[in-house]
1. How much length is gained if the chain between Asp255 and Asp194 is pulled fully straight, taking 0.36 nm per residue apart and subtracting their Cα-Cα distance, in nm to one decimal?
2. Between helix 164-178 and the chain, what is the angle of the helix's C-alpha long axis to the longest principal axis, kept within 0 to 90° and rounded to the nearest 10?
3. Picking from Ser232, Val301, Asn446, whose Cα lies most toward the positive end of the charge dipole for the chain (charges on Cβ: Lys, Arg +1; Asp, Glu -1)?
4. Pop out the ³J(HN,Hα) list for segment 62-67 in order, Karplus 6.51 cos²θ - 1.76 cosθ + 1.60 with θ = phi - 60°, rounded to Hz; leave Gly and Pro as x.
5. Roughly speaking, what is the stretch gain from Glu11 to Ser115, that is 0.36 nm per residue apart minus the C-alpha to C-alpha distance, in nm to one decimal?
6. Taking the Cα atoms only, what angle lies between the long axis of helix 319-336 and the longest principal axis of the chain, rounded to 10 degrees?
7. Ser383: net charge of surrounding residues, Cβ under 12 Å, Lys/Arg +1, Asp/Glu -1, itself excluded?
8. Rounded if a/c is under 1.5, else prolate if a/b beats b/c, else oblate: with a ≥ b ≥ c from the C-alpha gyration tensor eigenvalues square-rooted, which is segment 111-155?
Amino acid sequence: MFDVWKNVLAEIEQLISREKFITYLQKTTLESIEDGHIKIGVPNVFMSTNVRRLFDKNIREALKNNNIEVVDTEYIIVNTTNKVKKSREVDISKPEKKTFDTKKISNTPIYSTISTGLQPDYTFDTFVVGSNNDLAFSVAKRICEEPGGKYNPFFLYGKSGLGKTHLVQAIGNELLKKNPKLKILYTPVNHFYDDFINSIRKNQQDFFKKKYGNLDVLIIDDFQLITGKEKSQEEFFNLFNDMHLSNRQIIITSDRLPSEIKTVDPRLASRLTQTGAYDIQLPSFEDRCAILSAKAELNHVNIEREAIEYIAENVKTNIRDLGAEYDKLLAYADLRGVTPLEIINSGYSNPSTSVARHNTVTPKKIIDKTAKFYSMETSVMLSKSRVSNIKNARQVAMYLMQRELGLSTTKIARELGMKDHTTIMNGLDRIESSMKMDFKLREEINQIREKIYE
């Protein structure tokens, strides 16, 4: 059975990108085959929805190619992860220099232990992987395989409430699981600033340097808040250089690119993104449904599919707002002793303020906002012109109509005045492919998305 699944995975790996294979399929297993009923093991509830949605067809075909009869497929949770039950601590003794060898970390403390700042519940198993974050997730997993290597530093950016903190803390927790002796610190940038100021005020610069200078992994959150703090920037720049030269991992989150943060030293901005910048985007309708379904399953909550789709359709700001609306609907249902769907059908009209606002989004609004963003008339963008900037704007509008409204390629073609929906498919493929490495394009799309929800 192991050889069969090995062959299945090898076949699918040839059809999809390496990043998607690592993210979704590498840890899957074939649990049983009985009269055509196939049980496939996945690491957690969050992955089960995505693996089925994205790769069930490929899996069925690959199984048949290996002479396995397929009546139906079931994705079951096979999770052997041992969750950490108490707060983590790490000593701040001096690590080995020049190489990130996790087997040679010194275990002799110089000072007492300090908290890592990591939340035990923030793990890869509880992170919802979707089309909005799968590239960032793949890089995060690679870092755990080779800390201090190809993706050092790792710069992750995106708007508030999309899961940046969860993902970077998951890296820290995974590295600690592999080697509990690692010296890892997660800290918001304002805490770094406070530590620096207090070390000067209390004449404790030596302790500050030991705390930060001897880390194996430093995770800085909300880097955009370093604006205007020149001395802290200088101290961080020196720390960054020291860690980078000794191949120790640096992980940074921000709500924007370093180049867009006022008063940040251009040298530092350049160094932070030298291995690329990776963003987490707003989740699509399918992603939002997967997030809510996984949350319900994890908490053993019965909620109708129609209720999940109602919330996913109406809350498009971020994961935090999505969860808040979900909790509110469940609370109403519990108070009245009915199901969430019954609440909705009875005239539920008190969702979060974001819901009513997002119901105003239409294909026309997306088209108009996209054209305006690229400084062109709507009629020009909708023309048959093949000029590169006009074609790009048109394809961005296609992408946003699919992602934000869930329109089919046929409906998108109709909105753009096109007859051939294959042109839409090609345009969508081009945008999705370009966004993987074109940080400017990703940022443009994020800015347009914000404008259509104003």
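The values are calculated or read from the model by the stated rules, or taken from the named source; none is laboratory data. On a predicted model such as this, the values are computed, not experimentally measured, just so you know. Ideal geometry is used to build each Cβ from the backbone, glycine not excepted, and the neighbour counts take in all protein chains shown. Areas reflect the complete protein model, heavy atoms only, side chains present, ligands, DNA and RNA absent. Shrake-Rupley method; radii C 1.70, N 1.55, O 1.52, S 1.80 Å.
1. Details: separation 61, 0.36 × 61 = 21.96 nm, distance 2.05 nm.
So the extension gain works out to 19.9 nm.
2. Helix 164-178 sits at roughly 60 degrees to that axis.
3. Projecting each Cα onto the dipole axis, the largest value belongs to Ser232.
4. 5, 5, 5, 5, 9, 6
5. Numbers: separation 104, 0.36 × 104 = 37.44 nm, distance 4.48 nm.
Result for the pair: 33.0 nm of gain on full extension.
6. Result, in degrees: 70.
7. Working: positive: Lys384, Arg386, Lys391, Arg394; negative: Glu377.
Neighbourhood net charge equals +3.
8. Numbers: a/c = 2.89, a/b = 1.38, b/c = 2.09.
Because a/c hits 1.5 or more and a/b fails to exceed b/c, segment 111-155 counts as oblate.
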